[in-house]
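A.B. asks: Could you have a look at this structure, given as C-alpha coordinates, before my questions?
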Amino acid sequence: MIILSLIEGWEKADLSIALYSLPMKIIEVLMVLAWFFLNSVLPILSNYFKDDKLEEINNLLKNSFKFLFWFSIYILFLWVLFRDNIIKLIATPDYLDRNLHIYTSSDAFLIVLFVLLFYFISAIFNYIFIASKHEKTLLNINIFITIFNIVWNIILIPKFSFIWSAIVTLISQIFLFILWYYYSRKIVKFDIDLFYVLKILLISICLYWLWLYLTINFSISNILDILVYWSLLSSIYLIYFLYINNKLKFKNI
(Lines give C-alpha, C1' and ligand atoms only; values in the text may rest on other atoms or scores of the structure.)
Protein backbone atom coordinates (compact mmCIF):
# COMPACT_ATOMS: atom_id res chain seq x y z
CA MET A 1 0.00 0.00 0.00
CA ILE A 2 2.82 2.39 0.88
CA ILE A 3 4.68 1.67 -2.37
CA LEU A 4 1.50 2.19 -4.39
CA SER A 5 0.91 5.59 -2.79
CA LEU A 6 4.49 6.70 -3.35
CA ILE A 7 4.89 5.50 -6.94
CA GLU A 8 1.48 6.09 -8.51
CA GLY A 9 0.72 9.47 -6.97
CA TRP A 10 -2.18 10.19 -4.65
CA GLU A 11 -4.95 10.62 -7.24
CA LYS A 12 -4.32 7.32 -9.02
CA ALA A 13 -3.04 5.56 -5.92
CA ASP A 14 -6.25 6.19 -3.97
CA LEU A 15 -8.23 4.19 -6.51
CA SER A 16 -5.62 1.41 -6.73
CA ILE A 17 -5.35 1.12 -2.95
CA ALA A 18 -9.12 0.98 -2.57
CA LEU A 19 -9.46 -1.78 -5.18
CA TYR A 20 -6.53 -3.77 -3.78
CA SER A 21 -7.20 -3.31 -0.07
CA LEU A 22 -10.65 -4.94 -0.17
CA PRO A 23 -9.49 -8.45 -1.15
CA MET A 24 -6.31 -8.13 0.95
CA LYS A 25 -8.28 -7.33 4.11
CA ILE A 26 -10.44 -10.41 3.53
CA ILE A 27 -7.33 -12.54 3.00
CA GLU A 28 -5.75 -11.20 6.21
CA VAL A 29 -8.84 -12.30 8.15
CA LEU A 30 -8.84 -15.76 6.56
CA MET A 31 -5.12 -16.21 7.38
CA VAL A 32 -6.00 -16.06 11.07
CA LEU A 33 -7.79 -19.40 10.72
CA ALA A 34 -4.46 -21.14 10.05
CA TRP A 35 -2.97 -19.46 13.14
CA PHE A 36 -5.82 -20.77 15.30
CA PHE A 37 -5.17 -24.34 14.21
CA LEU A 38 -1.36 -24.21 14.32
CA ASN A 39 -1.26 -22.45 17.69
CA SER A 40 -3.10 -25.45 19.09
CA VAL A 41 -0.56 -27.77 17.44
CA LEU A 42 2.55 -25.85 18.52
CA PRO A 43 2.74 -26.89 22.22
CA ILE A 44 2.41 -30.57 21.30
CA LEU A 45 4.90 -30.29 18.45
CA SER A 46 7.38 -28.48 20.71
CA ASN A 47 7.13 -31.22 23.33
CA TYR A 48 7.69 -33.89 20.69
CA PHE A 49 10.83 -32.10 19.50
CA LYS A 50 12.01 -31.68 23.08
CA ASP A 51 11.58 -35.42 23.75
CA ASP A 52 12.91 -36.37 20.30
CA LYS A 53 9.77 -38.36 19.42
CA LEU A 54 10.32 -38.64 15.67
CA GLU A 55 7.40 -40.94 14.90
CA GLU A 56 4.93 -38.72 16.77
CA ILE A 57 6.37 -35.64 15.03
CA ASN A 58 5.92 -37.21 11.59
CA ASN A 59 2.35 -38.32 12.31
CA LEU A 60 1.36 -34.92 13.67
CA LEU A 61 2.91 -33.09 10.72
CA LYS A 62 1.32 -35.40 8.14
CA ASN A 63 -2.15 -35.07 9.66
CA SER A 64 -1.79 -31.33 10.16
CA PHE A 65 -0.69 -30.86 6.54
CA LYS A 66 -3.66 -32.92 5.29
CA PHE A 67 -6.09 -30.81 7.28
CA LEU A 68 -4.50 -27.51 6.23
CA PHE A 69 -4.39 -28.53 2.58
CA TRP A 70 -8.03 -29.59 2.58
CA PHE A 71 -9.11 -26.43 4.39
CA SER A 72 -7.07 -24.18 2.08
CA ILE A 73 -8.53 -25.84 -1.04
CA TYR A 74 -12.00 -25.53 0.47
CA ILE A 75 -11.51 -21.79 1.02
CA LEU A 76 -9.78 -21.30 -2.34
CA PHE A 77 -12.45 -22.87 -4.53
CA LEU A 78 -15.46 -21.46 -2.68
CA TRP A 79 -14.07 -17.94 -2.55
CA VAL A 80 -12.94 -18.10 -6.19
CA LEU A 81 -16.45 -19.18 -7.17
CA PHE A 82 -18.28 -16.64 -4.99
CA ARG A 83 -15.79 -13.74 -5.04
CA ASP A 84 -17.95 -11.44 -7.21
CA ASN A 85 -21.03 -12.26 -5.11
CA ILE A 86 -19.13 -11.43 -1.93
CA ILE A 87 -17.76 -8.15 -3.33
CA LYS A 88 -21.28 -7.14 -4.42
CA LEU A 89 -22.51 -7.96 -0.91
CA ILE A 90 -19.94 -5.99 1.09
CA ALA A 91 -18.90 -3.21 -1.31
CA THR A 92 -20.26 -0.88 -3.97
CA PRO A 93 -20.46 -1.82 -7.70
CA ASP A 94 -17.43 0.46 -8.32
CA TYR A 95 -15.13 -2.31 -7.12
CA LEU A 96 -16.19 -4.40 -10.14
CA ASP A 97 -16.39 -1.53 -12.65
CA ARG A 98 -13.76 -1.81 -15.42
CA ASN A 99 -14.55 1.72 -16.56
CA LEU A 100 -12.83 3.05 -13.45
CA HIS A 101 -9.68 0.94 -13.72
CA ILE A 102 -8.37 -1.70 -16.13
CA TYR A 103 -8.28 -4.12 -13.17
CA THR A 104 -10.98 -4.70 -10.55
CA SER A 105 -11.01 -5.99 -7.00
CA SER A 106 -12.21 -9.32 -8.40
CA ASP A 107 -9.01 -9.66 -10.45
CA ALA A 108 -6.82 -9.01 -7.41
CA PHE A 109 -9.00 -11.26 -5.27
CA LEU A 110 -8.48 -14.18 -7.64
CA ILE A 111 -4.70 -13.84 -7.34
CA VAL A 112 -4.43 -13.30 -3.59
CA LEU A 113 -6.68 -16.29 -2.92
CA PHE A 114 -3.85 -18.42 -4.31
CA VAL A 115 -1.53 -16.54 -1.94
CA LEU A 116 -3.77 -17.82 0.84
CA LEU A 117 -3.49 -21.38 -0.50
CA PHE A 118 0.31 -21.36 -0.40
CA TYR A 119 0.27 -19.62 2.97
CA PHE A 120 -1.88 -22.37 4.49
CA ILE A 121 0.14 -25.28 3.13
CA SER A 122 3.47 -23.66 4.03
CA ALA A 123 2.49 -22.52 7.53
CA ILE A 124 3.20 -25.95 9.02
CA PHE A 125 6.85 -25.65 7.94
CA ASN A 126 7.03 -22.26 9.63
CA TYR A 127 5.99 -23.87 12.91
CA ILE A 128 8.61 -26.60 12.51
CA PHE A 129 11.30 -23.92 12.79
CA ILE A 130 9.64 -22.46 15.88
CA ALA A 131 9.04 -25.78 17.64
CA SER A 132 12.58 -27.02 16.92
CA LYS A 133 14.22 -23.73 18.03
CA HIS A 134 15.52 -22.81 14.54
CA GLU A 135 14.10 -19.28 14.55
CA LYS A 136 17.31 -17.82 13.08
CA THR A 137 16.87 -19.81 9.85
CA LEU A 138 13.24 -18.71 9.72
CA LEU A 139 14.23 -15.07 10.19
CA ASN A 140 16.85 -15.19 7.42
CA ILE A 141 14.36 -16.70 4.95
CA ASN A 142 11.71 -14.12 5.82
CA ILE A 143 14.14 -11.21 5.43
CA PHE A 144 15.18 -12.48 2.00
CA ILE A 145 11.57 -12.84 0.83
CA THR A 146 10.65 -9.40 2.21
CA ILE A 147 13.47 -7.73 0.28
CA PHE A 148 12.50 -9.69 -2.86
CA ASN A 149 8.89 -8.56 -2.51
CA ILE A 150 9.73 -4.89 -1.97
CA VAL A 151 12.20 -4.70 -4.87
CA TRP A 152 9.85 -6.28 -7.40
CA ASN A 153 6.93 -4.16 -6.23
CA ILE A 154 8.99 -1.05 -6.90
CA ILE A 155 9.95 -2.36 -10.36
CA LEU A 156 6.53 -3.55 -11.51
CA ILE A 157 3.96 -1.24 -9.92
CA PRO A 158 4.76 1.71 -12.24
CA LYS A 159 4.01 -0.48 -15.27
CA PHE A 160 1.17 -2.71 -14.08
CA SER A 161 -0.36 -1.03 -11.00
CA PHE A 162 -1.76 -3.03 -8.08
CA ILE A 163 -2.44 -6.24 -10.02
CA TRP A 164 1.28 -6.91 -10.27
CA SER A 165 1.64 -6.19 -6.59
CA ALA A 166 -0.77 -9.10 -6.06
CA ILE A 167 1.22 -11.28 -8.48
CA VAL A 168 4.52 -10.43 -6.75
CA THR A 169 2.91 -11.32 -3.43
CA LEU A 170 1.87 -14.69 -4.87
CA ILE A 171 5.36 -15.35 -6.27
CA SER A 172 6.89 -14.38 -2.92
CA GLN A 173 4.58 -16.78 -1.09
CA ILE A 174 5.47 -19.61 -3.49
CA PHE A 175 9.19 -18.96 -2.96
CA LEU A 176 8.55 -18.84 0.79
CA PHE A 177 6.81 -22.21 0.59
CA ILE A 178 9.74 -23.72 -1.34
CA LEU A 179 12.37 -22.34 1.06
CA TRP A 180 10.46 -23.26 4.21
CA TYR A 181 9.87 -26.76 2.87
CA TYR A 182 13.50 -27.26 1.80
CA TYR A 183 15.09 -26.06 5.04
CA SER A 184 12.51 -27.64 7.33
CA ARG A 185 13.37 -31.04 5.82
CA LYS A 186 16.88 -30.57 7.17
CA ILE A 187 15.26 -30.59 10.61
CA VAL A 188 12.62 -33.28 10.16
CA LYS A 189 11.44 -35.16 7.11
CA PHE A 190 7.86 -36.13 6.39
CA ASP A 191 6.40 -37.06 3.04
CA ILE A 192 3.45 -35.24 1.49
CA ASP A 193 0.72 -37.66 0.44
CA LEU A 194 0.38 -36.77 -3.25
CA PHE A 195 -2.50 -39.20 -3.75
CA TYR A 196 -4.41 -37.39 -1.01
CA VAL A 197 -3.66 -34.05 -2.70
CA LEU A 198 -4.99 -35.36 -6.02
CA LYS A 199 -8.19 -36.64 -4.39
CA ILE A 200 -8.91 -33.25 -2.85
CA LEU A 201 -8.20 -31.48 -6.12
CA LEU A 202 -10.46 -33.89 -8.01
CA ILE A 203 -13.51 -33.23 -5.84
CA SER A 204 -12.79 -29.49 -6.00
CA ILE A 205 -12.78 -29.50 -9.81
CA CYS A 206 -16.04 -31.47 -9.84
CA LEU A 207 -17.65 -29.01 -7.44
CA TYR A 208 -16.46 -26.11 -9.58
CA TRP A 209 -18.36 -27.47 -12.58
CA LEU A 210 -21.38 -28.21 -10.38
CA TRP A 211 -21.39 -24.56 -9.26
CA LEU A 212 -21.21 -23.32 -12.85
CA TYR A 213 -24.12 -25.56 -13.82
CA LEU A 214 -26.25 -24.40 -10.87
CA THR A 215 -25.59 -20.69 -11.37
CA ILE A 216 -26.19 -20.82 -15.12
CA ASN A 217 -29.44 -22.75 -14.84
CA PHE A 218 -30.77 -22.13 -11.31
CA SER A 219 -29.46 -18.76 -10.12
CA ILE A 220 -31.77 -17.23 -7.51
CA SER A 221 -30.26 -13.93 -6.37
CA ASN A 222 -26.87 -12.72 -5.18
CA ILE A 223 -27.49 -13.34 -1.47
CA LEU A 224 -29.48 -16.56 -1.91
CA ASP A 225 -26.89 -17.96 -4.30
CA ILE A 226 -24.30 -17.50 -1.54
CA LEU A 227 -26.49 -18.94 1.21
CA VAL A 228 -27.89 -21.92 -0.71
CA TYR A 229 -25.03 -22.98 -2.94
CA TRP A 230 -22.27 -22.15 -0.43
CA SER A 231 -24.02 -24.40 2.10
CA LEU A 232 -24.47 -27.16 -0.47
CA LEU A 233 -20.86 -27.13 -1.68
CA SER A 234 -19.51 -26.79 1.89
CA SER A 235 -21.50 -29.83 2.98
CA ILE A 236 -20.10 -31.89 0.11
CA TYR A 237 -16.55 -30.75 0.95
CA LEU A 238 -16.98 -31.67 4.62
CA ILE A 239 -18.51 -35.08 3.92
CA TYR A 240 -15.76 -35.91 1.44
CA PHE A 241 -13.07 -34.78 3.89
CA LEU A 242 -14.49 -36.96 6.67
CA TYR A 243 -14.78 -39.90 4.27
CA ILE A 244 -11.20 -39.89 2.99
CA ASN A 245 -9.71 -38.95 6.38
CA ASN A 246 -11.47 -41.44 8.63
CA LYS A 247 -8.07 -42.62 9.85
CA LEU A 248 -6.71 -39.18 10.80
CA LYS A 249 -6.03 -38.85 14.51
CA PHE A 250 -6.35 -35.43 16.14
CA LYS A 251 -7.00 -36.54 19.70
CA ASN A 252 -4.16 -34.41 21.04
CA ILE A 253 -5.18 -31.22 19.25
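A.B. asks: Which condition number in (1) buried (at least 17 other Cβ atoms within 10 Å of the Cβ); (2) in a helix (DSSP H, G or I) is the one that Y181 fails?
C.D. replies: (1)
A.B. asks: With K50, K133, K62 as the choices, which residue is touching a residue at least 40 places away in the same chain (Cβ under 8 Å) and part of a helix (DSSP H, G or I)?
C.D. replies: The unique qualifying residue is K62.
A.B. asks: Any chance the stretch 197-205 includes a residue that's assigned to a loop (DSSP other than H, G, I, E, B) and open to solvent by 30 Å² or more (accessible area, probe 1.4 Å)?
C.D. replies: No, the stretch 197-205 contains no residue that is assigned to a loop (DSSP other than H, G, I, E, B) and open to solvent by 30 Å² or more (accessible area, probe 1.4 Å).
A.B. asks: Between I171, I141, I130, which is open to solvent by 30 Å² or more (accessible area, probe 1.4 Å) and farther than 30 Å from N85 by Cα?
C.D. replies: Within the list I171, I141, I130, the selection yields I130.
A.B. asks: If I filter the stretch 86-116 down to residues being within 25 Å of L227 (Cβ to Cβ) and part of a loop (DSSP other than H, G, I, E, B), which single residue comes out as most open to solvent (accessible area, probe 1.4 Å)?
C.D. replies: Result: T92.
A.B. asks: Then there's this: Determine the pairs where a residue that is in contact (Cβ under 8 Å) with a residue 40 or more places away in the chain, located within the stretch 171-187, has a partner that is of a type in the set (S, T, N, Q) and outside any helix (DSSP H, G or I) with Cβ atoms under 6 Å apart, the partner being 6 or more residues away or on another chain.
C.D. replies: Cβ pairs passing all conditions: I187/S132.
A.B. asks: A further question on this structure: Quick check: anything in the stretch 3-17 open to solvent by 30 Å² or more (accessible area, probe 1.4 Å), part of a helix (DSSP H, G or I) and touching a Pro at 6+ places or on another chain (Cβ under 7 Å)?
C.D. replies: Scanning the stretch 3-17, I find at least one residue that is open to solvent by 30 Å² or more (accessible area, probe 1.4 Å), part of a helix (DSSP H, G or I) and touching a Pro at 6+ places or on another chain (Cβ under 7 Å), so the answer is yes.
A.B. asks: Of all residues in the stretch 183-212, count the ones that are closer than 16 Å to Y127 by Cβ and out of contact with any helix residue (DSSP H, G or I) (no Cβ under 7 Å at 6 or more places or on another chain).
C.D. replies: The number of residues fulfilling the criteria is 3.
The values are calculated or read from the model by the stated rules, or taken from the named source; none is laboratory data. All of these numbers come straight from a predicted model, not from anything done at the bench. Note that we place each Cβ from the backbone using ideal geometry, even for glycine, and neighbour counts take in every protein chain shown. Heavy atoms of the whole protein, side chains included, go into the accessibility calculation; ligands, DNA and RNA do not. Shrake-Rupley method; radii C 1.70, N 1.55, O 1.52, S 1.80 Å.
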